[in-house]
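*Asks:* Below is one structure. I have some questions about it.
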Amino acid sequence: MKRIAVIMAGGSGERFWPLSRKRKPKQLLKLNSEKTLIEESIERISGVIPKEDIFIITGELLLEPIREVLKDFPPQNVIAEPYKRNTAPCLALAAGIALAKYDGKYDSSEIAMAVLTADQLINPIDGFQKTIEHLLIYVGGNKVLATIGIKPSRPETGFGYIELENAFDYSSQTFEISKVKSFHEKPDQEKAKKFMESGRFLWNSGMFFWRIDKFIEDMTESLPEVGTKIRDLKDVYLNKTDLVLDGPLNEAKEVFSKFPDISIDYGLMEKAKEVVVAKALFDWDDIGSWDSLDRFRHSDENSNILDGNIILLDSGNSTVINQSDNKILFTGLGLENFVVVVTEDAVLVCPKDRAQEVKKIVEQIKKTDRESWL
């Protein structure tokens, strides 16, 4: 069974403005360590799947920035999607490219695909790799769609949830699989608490696993306007997968232009009949907005997260990031529960409990013709 990985890295990370920009979105930021999030993603999965069998699907603007960051990664495996159409068309493109890449070597029933994202915090790596190994073996031998569920550590309202038929045993590090009873949208606080207390609801990690033949079969049934075009995308990329492309192919644009804007969750996973979820043998969190740094960045004795040239007095529970390359000294007095981010050309100040709303500022920048600050 041929194993491949697809990393979706086309997001813009608007909640991390002003650090995140069009050509340097979240996946190219060093939010967790001295490495970018996409470097961390490649390191994790390359312990299971060789780099030549890992594909990064991103936007055209990000082709060169990603290739520049990942200097030892095959540049031909960084591929631009023709248009932003959400995750279902993105993964259809990935499947088509994989079929083209391995044409004549492996049939669609002999390719097991792992779908990952570039903006997650995962530890320990060996637990992650063990989970992936087990799942790839499982989907290789069973015609199912699979995902990984995360045991909730808090009543989170920002994630989708997966309801299990049978609760997992977390007293051991044994790999477990359960049928999915149902998927649930992001809940309110009260419902999130009930989900957590029940023991039968897990966070939806957004990672997926399947054999390509099963993926095409179920996409054709659930989302035929996309599923029936996967082999057309294969034909477009046939004999071109070893080329370092500087953008999407025109033929791919033609196919993609007719695709709906729809997520893989709505378009496929919530409709499919044979869906299973695996127990995560690792800790997981989503790096979604500035306030999420509280969960994994070191803070001082006043619960402040500080990064850069900063003087902060009589302040607590605030996150201050100064990346102005020492051109600006940021000083603060009496800041409580704030997020402040300083770059060479922009400053963000907002209450920490409104950090999820930073996208509104980005929208306003667009509306007022200030796109040079994006």
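The values are calculated or read from the model by the stated rules, or taken from the named source; none is laboratory data. Worth saying up front: this structure is predicted, and the values here are computed from it rather than measured. Quick reminder, even Gly has a Cβ in these numbers, built from the backbone with ideal geometry, and neighbours come from all protein chains shown.
*Asks:* Give the number of residues within region 185-212 that are part of a helix (DSSP H, G or I) and either buried (at least 16 other Cβ atoms within 10 Å of the Cβ) or outside the structural domain of G160 (by TED's automatic domain parsing) (or both).
*Replies:* So the count comes out to 5.
*Asks:* Of the residues G288, G316, G332, only one is in contact with an Asp or Glu (Cβ under 6 Å, 6 or more places away or on another chain), on the phi < 0 side of the Ramachandran plot and not polar (S, T, N, Q); which?
*Replies:* Result of the check over G288, G316, G332: G316.
*Asks:* Being without any contact (Cβ under 8 Å) to a residue 24 or more places away in the chain and buried (at least 22 other Cβ atoms within 10 Å of the Cβ) is the filter here; which residues of region 68-121 pass it?
*Replies:* Listed by number, the list holds a single entry, V78.
*Asks:* What number of residues in region 299-323 are surrounded by 16 or more Cβ atoms within 10 Å (Cβ to Cβ), within 23 Å of E357 (Cα to Cα) and among the small types (G, A, S)?
*Replies:* 3
*Asks:* Now for a different question. Mind checking which residues of region 22-42 are surrounded by fewer than 20 Cβ atoms within 10 Å (Cβ to Cβ) and either over 25 Å from S299 (Cβ atoms) or touching a Pro at 6+ places or on another chain (Cβ under 9 Å) (or both)?
*Replies:* K22, R23, K24
*Asks:* From the list F296, F330, which residue is under 18 Å from the mean Cα position of the chain (by Cα) and not assigned by TED's automatic domain parsing to the domain that holds C90?
*Replies:* Just one listed residue meets the conditions, F296.
*Asks:* With the condition kept exactly as written, say whether any residue in region 189-206 is out of contact with any His (no Cβ under 7 Å at 6 or more places or on another chain), of a type in the set (S, T, N, Q) and at pLDDT 95 or above.
*Replies:* yes
*Asks:* Going by what's in this entry, would Y106 be described as part of a loop (DSSP other than H, G, I, E, B) and either among the hydroxyl-bearing types (S, T, Y) or under 23 Å from G227 (Cβ atoms) (or both)?
*Replies:* Criteria met by Y106.
*Asks:* Going by what's in this entry, would S289 be described as among the polar types (S, T, N, Q) and closer than 30 Å to T131 by Cβ?
*Replies:* For S289, the condition - among the polar types (S, T, N, Q) and closer than 30 Å to T131 by Cβ - is met.
*Asks:* Taking region 213-222 as the region of interest, how many residues are hydrophobic (A, V, I, L, M, F, W, C) and either surrounded by fewer than 22 Cβ atoms within 10 Å (Cβ to Cβ) or more than 12 Å from A272 (Cβ to Cβ) (or both)?
*Replies:* Looking only at that region, the number is 1.
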